[in-house]
1. Scan segment 39-50 and give yes if some residue there is among the basic types (Lys, Arg), modelled with pLDDT under 90 and part of a helix (DSSP H, G or I), otherwise no.
2. Is it the case, given these coordinates, that Leu101 is out of contact with any Ser or Thr (no Cβ under 7 Å at 6 or more places or on another chain), in a helix (DSSP H, G or I) and modelled with pLDDT of 90 or more?
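The values are calculated or read from the model by the stated rules, or taken from the named source; none is laboratory data. This structure is a prediction, so every number in the text was calculated from the model and none was measured. Methodologically, a virtual Cβ is constructed for each residue, glycine included, from the backbone with ideal geometry; neighbour enumeration extends over all protein chains shown.
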Amino acid sequence: MEKSTNQIEKNVSASFAYVKKDMLMLNDAFSDMHDKLQQLKLEHSMLSEEVKKLKNELSKTSKESEIRHLSINHEVLLEEIEKLRGEVVKLVNSYSEKKSLAKKVVKKKK
């Protein structure tokens, strides 16, 4: 009976040793997971900052593109204004010539 009690104590002691070893392994695993989680949080933060920077750059680029587009439209409008100005000058000159001719005709009739 003594042997079996002794054997039981040894078996229980060995079992506790295995449990202790498993708990230490689990503790190490949780510690590793915690470290990896902290690293992922840091990387996420860095990536979020990069995304913000890229959004700002895209916003600036699109604004610059809009400005270029407006500038081109402005130049086209200026060209159209110059064309219209030329046509107005021609019309005014034509009107002046016709008015002057009309005055000459009226003077000749008198």
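1. The answer is no, given that none of the residues of segment 39-50 is among the basic types (Lys, Arg), modelled with pLDDT under 90 and part of a helix (DSSP H, G or I).
2. Answer is no for this residue.
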